[in-house]
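Reviewing the structure listed below.
Nothing in this text is a laboratory measurement; each read-out follows from the coordinates by a stated rule. Keep in mind that what you see is a predicted model, and the values were worked out from it rather than measured. Counting neighbours? That spans all protein chains shown, and the Cβs are built from the backbone with ideal geometry, glycine included.
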Amino acid sequence: MTPLTRRQLLKFGLGAAGAAALAGCGTPGLTSVNAAATIPPASPSSPVTLTYWAWLKDLQKVADIWNAKNPHIQVRTVWIPAGAQGGYPKMYSALAAGGGPDLAQIELRTIPEFLLVNGLVDLSRYGAAEHAATFDPTLWKQVSFTGGVYGIPQDSGPMATFYQTEIFERVGASPPTTWSAWAEVAAELRKQKIYIDVFPFSDASVFTAYATQAGATWLTPTEDGWVINMRDDATMSTARFFDAALDKDLVSTAFEAYSPAWFAAAGNGTIASLTDASWADALIEGISGGKGKWRVAPMPRWEHGGFGSSVRGGSTTAVLANCRHPKEALEFAAWLNGSQEGINGLIEHCGIGWSANPKFIGTSRMEPSPFFSGQNYNQEVFVPASTEQNPDWSWWPVTQQSLNILADQFRRKPGGQSLVDGVVKAEEQIMSVFQNKGLSIRKEEA
Amino acid sequence: MTAPASDQTRTRGRRTGEQRAPWILLAPFLLVFLFTFILPILAAVGSSFMQVTRSGLFGEQGVTQEFAWFHNYALALGDGSFITSIGRMFLFGIVQVPIMIIAATILAFLLESASARWPGLFRAAFFLPYGVPGVIATILWTFLYVPGLSPIIDVASWMGIDIDFLGPSTVLWSIANIVTWSYTGYNMLIIIAQLKSIPGELYEAAHVDGASPFRIARSIQVPLIAPALMLTTVFSIIGTLQLFAEPQVLQSVSPAIDSQYTPNLSAYTTAFAYNDYNVAAAQAVLIALVAFILSFAFLRLTNRKDQ
Amino acid sequence: MTSTSVTNSEAKADTQTASAPAKRAKGSGASSKIIVTAILVVVALYFLVPVYWVVVASTKTTADLFSTNGFWFAPTFALWDNISAVLTYDGGIYIRWFLNSILYAVVGSALATYLAAAGGYALAKYRFKGNNTVFGIVLGGVLVPGTATALPLFLLFSQLGLANTYWSVLIPSLVSPFGLFLCRIYADATVPDALMEAARLDGAGEIRIFHQVGLRILTPALVTVFLFQLVGIWNNYFLPLVMLSDAKLYPITLGLNNWLSQVNRLPEFYQLTTGGVLLSVIPLAIAMIVLQRFWRGGLTEGSVK
């Protein structure tokens, strides 16, 4: 090989200058695209191509439906690893590099995190308001911050209880309607060496969903900064309830839902039920020999109030900051997630969660399911569940880190620290995370 | 080839040639080194001293960056999880590195002893894992760790033993096993190379003196392979502090591995998942410092013993 | 200093090196032969069990993978189905990953070896101002963790438009501080000053002397450096993880982990992952068996040839 050419050397020299500049002011994401002028739509004669990063499989098939009808806006999808498992780091680094896709799948809970790095286009400047009526108002609230709209809701995960009818019958139980009834059934099942469900220490989003159902709102955006309250009655009683359940060994902590060990246990009947989001149906259908054994019931309620259901998961289609055609991107995102065609396509090819359009849950979901004992569970259970949600919940700019902090505290439960203490400690840590990012936060006065 | 010249000019030309030559030869390496090591390190050190302050809920009312002195270092050192991860790596290193080096030494001795049959075959078998990338090695072992998939767990449960390779107290040693599996053969080969370089006369002299094989190993072989042992130990220490791929891959099956399980994982999470580039830079600088101090201390210690 | 102490001991070991292989200890009995061999067999089992498991697993269907014992074959033999699934999934992306890995590893390590050889040779054979400083700084580079450089390097490459290209993985692979370190030791011990002087008297320029005299003598060391760097790049995970977002540019490590990360949602990826791992291990196994003699020949026998 010949030594470097002069031009390459020049490039290195430029690189050196660049790095020196970076050393001084290298932190990316400090400027906002939403302060700049809006980008006018491209003329119909010059077709645009939009790149869309998502971890939905076969998304291109849905995009192709759109592409066939909209020759001037072509969408090309790229599969990326799911969210925190690699997708977000990829997006963050692409944004930091001044690039990235036009559209991306971003979970509802992650939208504020992208706002923190100025990663999203404010769609209200491109006419998002006209689509607001199409989507579930609870979800729309979760993409709306400081007067802007930062993503089009794609799906959500209203929760219910999936249970094995035969195992419940064995102990003479019907699906519990309250959490205390749930604990009683769990105790009966334990006599048969069966666990009613699992409780994951490492994924705090499950606990978060239970607390949300009880009526908690941990963080609230206000005029003068964030207000935190994780010691409210709803959260504390939820923590106490699961402290007791864990102390009495009512739930398994040996493995998490959807792990191979869980599939084995659900298959051989040592796990009787699962309280989780609507999208769990597709996963439960993967349990070997499970056909006809499972049904779905509304999730148990908290006695002291709260809501009929909760939510876990849920994504949006967001327009990333370096998108050069936000208007066209918005048009596509609204079609994909709001139109019957788009929703049916997403369900059929990608297996998305609960439709974000309350007027259309998807054609296939209006049918009874042979796997779930012929039950028409979507209409019967999830449609009501999707309306019985905590409307005040809001995600915050350090959600992932907060959930990790919470999980780190929960991991100490086997060592003797209660969930209650864990939540209280986590609140302090989350506050300091806010402060270290230079955001103002205060505790809610009791 | 060169045109004949007077002796004097030739010498002068040669001198300047000799002065310039090393720099010309070094230039390509140094350029890439500067570009891919020095500048990024300077940039990391620089950004580890900066801090971002935001106003409003997301910084929408303005973001400022300022010099923060050692604020980020204080945050990194005040972060219990980060300190725990360094402590975890110490524990890991103190147990895993000696086990691996001792195992590699014993295997090298056994293979080099006349007692071994098919040494070539065994050497190849032991060395094979070195060629398997850490990620793929971890995927391989993941299958043997996961309940429901792992035949090892099945076999153990027939015998009435419950093993959990992925639990909070065991997963560190499951990682240690992967690292040991990957690098023992490699370290063994380095030691074998050194053993082979011991002059035959030394052995003959020892035999004439009637030394036992054990005695030969202790008095001749171990001292002479000491440099190789030292080198492999230093690299293992550095490798331990940089552990990343194994825990990152195992994360998907072991809930016990949190996002800050190792120092490197911690820095990666802080930078790419929490978007806190400044604190991440401080963490990376701290990792480098610890690696440097450890290697330095180890070399000092062993050198003193030698003298 | 760190560098000098290693250097001295290494160099000492080198000068002691003799070409004759160690004479084997004589007179070991049959019983010790059996014991030693038994120990080695047990250890070999340990090293080969994961490989054996993946061979078995890749012949199974996803259902059998979970329902039959992992150490023995299932009644249905699905190896060819699995392998064709691996090779054809997503338009044969697996093959692309494999070729990428080869490209990164072979091109990167060849160039890295050349750069390290030139640098090591220059440091060993010329006395010049800054010699030790350069060597010390480069050795310090060995200690810097990948995370420390990866992020700023990524930002740097982004500004140059090199992030998410082949270059972003190739360029950082071109420096091997450890290779430079080895080359310096070898050159010090093996390249005779007299030979260089003779070449100078013949009128050869310094650069030509390096190419015609230095490189030739350094060849055994270069093989070692090349192999070290080859394995290093082949095993590389962190750098491509940070640099690449386009799956078409992935090396095989990143690609397979991408597949593994999907198994929880889509169990069929178990088959793709086991099949993919098997296909990636086979060539490595062959390479390791063939190449191990070079490792043996490399590290300390520099002065032999």
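So the values come out like this:
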{"item": "GNM top mover of A:SER93, A:SER45, A:SER355 - chain A, alpha-carbon springs below 10 Å", "result": "A:SER45"}
{"item": "Region A:286-331: trypsin sites (Lys or Arg not before Pro) falling in loop per DSSP and having at most 14 other Cβ within 10 Å", "result": "A:LYS291, A:ARG324"}
{"item": "Nearby aspartates and glutamates by direct alpha-carbon distance to B:LYS196 (threshold 19 angstrom, same-chain neighbours under 8 apart not counted)", "result": "B:GLU112, B:GLU204, C:GLU10, C:ASP14, C:GLU301"}
{"item": "Estimated inter-spin distance, A:GLU444 and C:ALA194, nm [label 7 Å along Cα→Cβ]", "result": "8.9 nm"}
{"item": "Sites A:SER43 and A:SER124, calculated FRET efficiency, Cβ-Cβ separation with R0 25 Å, nearest 0.05", "result": "0.60"}
{"item": "Residue-span extension gain [B:PHE298 to B:THR64] - 0.36 nm each, minus C-alpha spacing", "result": "79.9 nm"}
{"item": "Residue among A:SER364, A:SER394, A:SER46 with the largest mean-square fluctuation in a Gaussian network model of chain A, springs linking Cα atoms under 10 Å", "result": "A:SER46"}
{"item": "Value at 222 nm in deg cm²/dmol, rounded to 500, when DSSP H runs of n ≥ 4 in the protein assembly as shown each add -39,500 (n - 2.57)", "result": "-18000 deg cm²/dmol"}
{"item": "Cα long-axis angle, helix A:326-338 against chain A (0 to 90 degrees, to the nearest 10)", "result": "20 degrees"}
{"item": "Shielding by partners - mean other protein chain Cβ count within 10 Å, residues of C:91-103", "result": "0"}
{"item": "Links that overshoot a 32 Å alpha carbon limit, given the list A:LYS57/A:LYS413; A:LYS193/A:LYS413; A:LYS57/A:LYS293", "result": "A:LYS57/A:LYS413"}
{"item": "GNM top mover of B:THR270, B:THR233, B:THR53 - chain B, alpha-carbon springs below 10 Å", "result": "B:THR53"}
{"item": "Fewest-first sequence of A:HIS349, A:HIS304 by Cβ atoms within 10 Å of each Cβ", "result": "A:HIS304, A:HIS349"}
{"item": "Relative contact order (%) - criterion: Cα under 8 Å, at least six apart; region: region C:91-210", "result": "45 percent"}
{"item": "Cα pair distances exceeding 53 angstrom across the protein assembly as shown, given as percent", "result": "23 percent"}
{"item": "Chain A - percent relative contact order, Cα under 8 Å, separation 6 or more", "result": "25 percent"}
{"item": "Eligible aspartates and glutamates near A:LYS61 by straight Cα distance, threshold 16 Å, same-chain separation 8 or greater", "result": "A:GLU341, A:GLU348, C:ASP90"}
{"item": "Given A:LYS191/C:LYS60; A:LYS69/A:LYS90; A:LYS90/C:LYS60; A:LYS141/A:LYS359, the pairs whose alpha carbons are separated by over 26 Å", "result": "A:LYS191/C:LYS60; A:LYS69/A:LYS90; A:LYS90/C:LYS60"}
{"item": "Loop trypsin sites (Lys or Arg not before Pro), region C:91-195, which have at most 14 other Cβ atoms in a 10 Å radius of their Cβ (DSSP)", "result": "C:ARG127, C:LYS129"}
{"item": "Anisotropy class of region B:220-272 from Cα gyration tensor, a/c 1.5 cut", "result": "prolate"}
{"item": "Relative contact order, percent, region C:80-303 [alpha-carbon distance under 8 Å, six or more residues apart]", "result": "35 percent"}
{"item": "Computed E for A:THR146/C:ASP246 - FRET, C-beta separation, R0 45 angstrom, nearest 0.05", "result": "0.85"}
{"item": "Tensor-based shape of chain B (alpha-carbon gyration tensor, a/c under 1.5 rounded, otherwise prolate or oblate)", "result": "oblate"}
{"item": "Residues C:TYR186, B:TYR130, A:TYR195, sorted so that the one with the fewest Cβ neighbours within 10 Å comes first", "result": "A:TYR195, B:TYR130, C:TYR186"}
